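Input: a single structure, listed below in C-alpha cells.
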Number of protein chains: 2
Amino acid sequence: MTTGTDQIRVPSDPTANDALIADFVTMSTFGATQAGGVERQAATAEDGANREWLSTWLTDRGFTVSYDRVGNQFGLFELVPGAPYVLAGSHLDSQPRGGKYDGAYGVLAAAHAMNRLRNYYEAHPKAAKFNLAVVNWFNEEGSRFKPSMQGSGVFTGKITLETALTTTDSAGTTVGQALGDLDMLGEHDVFTVGDHHTEGGLMVASYAEIHIEQGRELDKAGITMGLVDSTWGANKYEISVVGSQAHTGATAIADRQDALYGASLAVVALRDLADRYGDSLHTSCGQLTVYPNSPVVVAREVHMHLDLRSSSDELLDDADEALNRAFAEIELKADVEIQRRFAHRWKGHTYTPEGVELAGRVIDDLGISRQNVRTRAGHDSTNMKDVVPTVMLFVPSVDGVSHAENEYTHDQDLITGTDVLTETLARMAEGEL
Amino acid sequence: MTTGTDQIRVPSDPTANDALIADFVTMSTFGATQAGGVERQAATAEDGANREWLSTWLTDRGFTVSYDRVGNQFGLFELVPGAPYVLAGSHLDSQPRGGKYDGAYGVLAAAHAMNRLRNYYEAHPKAAKFNLAVVNWFNEEGSRFKPSMQGSGVFTGKITLETALTTTDSAGTTVGQALGDLDMLGEHDVFTVGDHHTEGGLMVASYAEIHIEQGRELDKAGITMGLVDSTWGANKYEISVVGSQAHTGATAIADRQDALYGASLAVVALRDLADRYGDSLHTSCGQLTVYPNSPVVVAREVHMHLDLRSSSDELLDDADEALNRAFAEIELKADVEIQRRFAHRWKGHTYTPEGVELAGRVIDDLGISRQNVRTRAGHDSTNMKDVVPTVMLFVPSVDGVSHAENEYTHDQDLITGTDVLTETLARMAEGEL
C-alpha cells in the first residue's frame, strides 16, 4: 500500500496539462453549437468526425485502434504480452444541443492518462502487470437511438447485439446501418466478457471512468474530487396515450378522447409523485410526441418517455405502483387508454468498494479534497461495475448544469481530474485493484 | 316568393345523383389513407392532383378555370355578360389523416349544382340575373400553413396577400413557393371584393357553401338539413413555454425549469377552464412540440397552439382573462416563462338572416327535415358572410366524427344536400338573395 506524495508515479506536468486543455478545445469543435455546446448524437457525421480524430490521436501515440461489433472504439497498448487490460474511457456522443464536457472529457482524460502511463511504463518495463486500453463507448446518450448506455450495455451482456444493431432512429436508420456507413463497425469483438461476449480474445482486468458530476454537490461544497460509491436505480418507460382524433372546434368536450390531455395529466402526475417523495425520487418526462399535431385537431395519440430514479429500489417499486394507479385514474378522466410499450430497469447498486478505497488513497496522496457521491445519472461505468472491478470519479460541474450548452467545468478541475485518473490507473495497472 | 314543390327548378335526378356519388368516390382516391380517410394538406402533391382533377371536370363542362393570387381555384360560367357571380364551394385540402368529406363534399356538391344550373339556364336563358362560379378555397385547414381559412381570409381582406404568401410550413417552404411549384398561383385576382382586393374585375353577388356538420346534433336528432344561423367566436394563441435544458437523472426537482411540465399544466388548465364554463366554451390544444425532445433531457422549450371557442364573445373575454391568471400561476409553479407569440381572433356572428330564410324555404319546398344550427368550427363561409350575403348548409355527420379518417356521411344525405344546394343557388341566381 502506497502513502505520501513521494509514491506518485506520474506527477502533474505543465506540458501534459496544456496539451490536455488544447486537445479538449480542438475536440469541442466537432459538432460545436453557437451557444458553446456540442451536438454529436450517436453515429452522426459529427460523432464520426470526432471518433476519427481520436483514432488519429491514439494511433500517432502508438495505440492500436479497433472497433467491436457494436461500434465501441478501443485504443490498445500492450505492455505485458497476453495479460488482461486495464480499460478507461467514457463516451464522445452528446445530446442534441448538449454540453461539451459530458462524456467527452472522460474519453480525453483516459487517452491522456493512458498515454502518460505508456511513457512511464516504457521507462519502467517491469512495473506493470496489465496492459492499457482506452475506450469510447458507443451511444451512451440514447437520444438518437434508444436506450442509453447501449455500447456498454452490449459489452456487458445487458443488451443483445442483435437488439442494438436493429434499433432505429426516428428516420428509420438502424444502428448497424449508421455505424456501417461510418465504417466504424467491427467484424469481431475486441474483448471477451463473461459468457455473453465471447468473440474477442482479450480480457479486461478492471475499468475506470471520470465524468463531470452533472449535479451541484461538489460545486456547492467546494470539493474537487467526487468518488462515486453508489448509483440510483431507474425505471424507464415508453408509453402511448391513445385517444380519438377529432375537430377541436366542433367536438363537444364531453365527446373528446383527447390523447394530449391524457398525456399532460400524466406529466403532472409524474411531478406530483416526485413532490410526494421529496428529493429521494426524481421523475421526468423529456420526450413527448403528439399525433397528428395540428392546431385544430384533438390528438389521437401521444408517445412519451418517462423515467423514475431513486437511491432506493423499494421506493422505486412503490412509485411504480403509484404511477400505475395514477394512469388508471387518467384513463377514466380523459377517456383515453394508456399502453406501456417498453420498460427498462436498472437497480441501484454500490460501486466496487476496493475501487472507492483505491481512488480515495490516490486523491489523499495528491493532497486534493474529496467526498463520496451517489450518481443519479446512469453512466457506462454503471454497466461495467457489474462485470469487473470499477472506479468512477467525478469532477465538479458549475451550478450542476448538464445536458445543456452552458455546461461548464473549470480547466483546473479537468487537469486535476486527469492527474487523479492517471495515478489511479497506474496503481490498477500494477495490480492494486 | 316561391312555395310548394311545383316551383322546384332542378328536381332530384337519379342520373345526376349517381354521378355525384361516383365522382366523390373518384375524388376520395387523391391522398387516400389505408383507414379510409384522406391526407391532402394544402398545396401538397395530393392536393395539387385533386385540384387538377377538378379543373378537368369543370373545363369538360364548359367552365373556365382560373387561380387568384393566393391560389383560390375558380370555375366560371357566364350566363349574363357583365353581371355579378353567385359563388359556391368549400375546400379540397384536408388535415393530416383527415376525413374525406370535410370540405371536399362542399366543393363537389357546388360543382355538380352549378353544372345542373348551367344546363337548366341554357334551356331557360332569360331566368338568371347572375353568373355562376365554383370555388375551391386554398388552405382552409391550416395544418401545413397557419392560420386556417387562409385563401378565403385573403379574399375577404382579413389577411394580407403578402402575409399569406410568405407563411412557411415546418420545412421552411412558403405558400408562394408551394403554389408556384404546382403552377396554381395566379398573376391577377379573379374577383374584386371591397377595397382590399381590387385587381380582379368580376363581382360576387352572393355565396353558398355546404359542409358536413362536424358535430352530432343533426345525426342525434335524425334531421337531414342544418341551416347555419350563427358561428362561435374563437381566440387562437401560439405560446412558447420557456424553461432550461437539464439532465433528467442528475438535476434535482427543485432546480428544474421544466418547459414540458409547464406546458402540461397549461393543457390541464385549459381543460379545467372548459369544465368550469360547461358546454358554452370549447378549449383545445392540438399542437405541442417539445425541444429538444430527448428522453433524458428536461425540455428547454415547448411550442403550443391553443384555442378557445364560444358562442358568447363576453364569455371568451372572461375565459381569456382566466387563462392569463392560470398562466401566471404556472410560471411560478413550474419556474418557466410563458410567452405569447401570436394571437388570432374571430368574433361570434350571425349569418345573413335572408340567406337562412331562403334556404329554409327551399328545404321546406323539397319536403326535407331541417333545423337551425350554430357552427363551432370556422368555415370559409365564416369569412364570406362578412362581405356578401351568404348561405351555409350542413348535412349530418355520423356520430359527429370529423378531422379523422372514420368521418362518415350517408350517400343519401350527400345527394339530398346537393339537391338543396342546387335549388338554393338557382334562387340566388335569379336574385332572391
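The values are calculated or read from the model by the stated rules, or taken from the named source; none is laboratory data. Bear in mind the structure is a predicted one, so any value in this text is a computation, not a measurement. Cβ: placed from backbone, ideal geometry, glycine included. Neighbour counts: every protein chain shown.
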Run A:V135 past the list (1) in a strand (DSSP E or B); (2) within 14 Å of another protein chain (Cβ to nearest Cβ) and report the number of the one that doesn't hold. (2)
Among the candidates A:L421, A:L393, residue that is under 20 Å from A:G222 (Cα atoms) and assigned to a helix (DSSP H, G or I): A:L421
Conditions first: (1) among the β-branched types (V, I, T); (2) surrounded by fewer than 24 Cβ atoms within 10 Å (Cβ to Cβ); (3) at pLDDT 95 or above. B:V302 passes all but one, so which condition is the exception? (2)
Picking from A:A343, A:A328, which residue would you name as being surrounded by fewer than 24 Cβ atoms within 10 Å (Cβ to Cβ), farther than 25 Å from A:L87 by Cα and touching a residue at least 60 places away in the same chain (Cβ under 8 Å)? A:A343
Output the number of residues of region B:138-164 satisfying the condition of being assigned to a loop (DSSP other than H, G, I, E, B), surrounded by fewer than 24 Cβ atoms within 10 Å (Cβ to Cβ) and more than 14 Å from chain A (Cβ to nearest Cβ). 5
Mind checking whether some residue in region B:344-362 is under 24 Å from A:G249 (Cβ atoms), at pLDDT 95 or above and outside the structural domain of B:M149 (by TED's automatic domain parsing)? no
Flag if A:K126 is within 24 Å of B:S294 (Cα to Cα), of a type in the set (K, R) and surrounded by fewer than 24 Cβ atoms within 10 Å (Cβ to Cβ): no
Condition broken by B:D219, with the remaining ones in (1) touching a Pro at 6+ places or on another chain (Cβ under 6 Å); (2) without any contact (Cβ under 8 Å) to a residue 40 or more places away in the chain satisfied: (2)
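Looking at A:G172, is it in the same structural domain as A:V387 (by TED's automatic domain parsing), on the phi > 0 side of the Ramachandran plot, surrounded by fewer than 22 Cβ atoms within 10 Å (Cβ to Cβ) and in contact with an Asp or Glu (Cβ under 9 Å, 6 or more places away or on another chain)? Spell out the reasoning first.
Details: in the same structural domain as A:V387 (by TED's automatic domain parsing): yes; on the phi > 0 side of the Ramachandran plot: yes; surrounded by fewer than 22 Cβ atoms within 10 Å (Cβ to Cβ): yes; in contact with an Asp or Glu (Cβ under 9 Å, 6 or more places away or on another chain): no.
It is false that A:G172 is in the same structural domain as A:V387 (by TED's automatic domain parsing), on the phi > 0 side of the Ramachandran plot, surrounded by fewer than 22 Cβ atoms within 10 Å (Cβ to Cβ) and in contact with an Asp or Glu (Cβ under 9 Å, 6 or more places away or on another chain).
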Could you please find all residues in region A:275-288 being at pLDDT 90 or above and surrounded by fewer than 18 Cβ atoms within 10 Å (Cβ to Cβ)? A:D275, A:R276
Here the residues within region B:271-303 that are among the hydroxyl-bearing types (S, T, Y) and over 22 Å from the mean Cα position of the chain (by Cα) are B:Y277, B:T289, B:Y291, B:S294
From the list A:D320, A:D335, pick out the single residue that is surrounded by fewer than 19 Cβ atoms within 10 Å (Cβ to Cβ) and within 30 Å of A:Q245 (Cβ to Cβ). A:D335
Of these, A:K100, A:K146, which one is at pLDDT below 95 and of a type in the set (K, R)? A:K146
Residues that are touching a residue at least 12 places away in the same chain (Cβ under 8 Å), surrounded by fewer than 20 Cβ atoms within 10 Å (Cβ to Cβ) and closer than 21 Å to A:Y101 by Cβ, drawn from region A:50-84: A:W53
Taking the conditions exactly as written (part of a loop (DSSP other than H, G, I, E, B) and free of Cβ contacts under 8 Å to residues at least 60 places away in the same chain), does A:D18 satisfy them or not? no
Give the number of residues within region A:1-15 that are assigned to a loop (DSSP other than H, G, I, E, B) and modelled with pLDDT of 50 or more. 6
From the list A:H211, A:H188, A:H197, exactly one residue is at pLDDT 90 or above and crowded, with 19+ Cβ neighbours inside 10 Å. Which is it? A:H211
Can you tell me which residue in region B:382-408 is surrounded by the fewest Cβ atoms within 10 Å (Cβ to Cβ), limited to those that are within 14 Å of chain A (Cβ to nearest Cβ) and among the hydroxyl-bearing types (S, T, Y)? B:Y408
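Hey, among B:L306, B:L273, B:L260, B:L281, which residue is aliphatic (A, V, I, L, M) and touching a residue at least 60 places away in the same chain (Cβ under 8 Å)?
Result of the check over B:L306, B:L273, B:L260, B:L281: B:L306.
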Here are the criteria: (1) within 14 Å of chain B (Cβ to nearest Cβ); (2) among the polar types (S, T, N, Q); (3) not in a helix (DSSP H, G or I). Tell me which single one A:Q371 does not satisfy. (1)
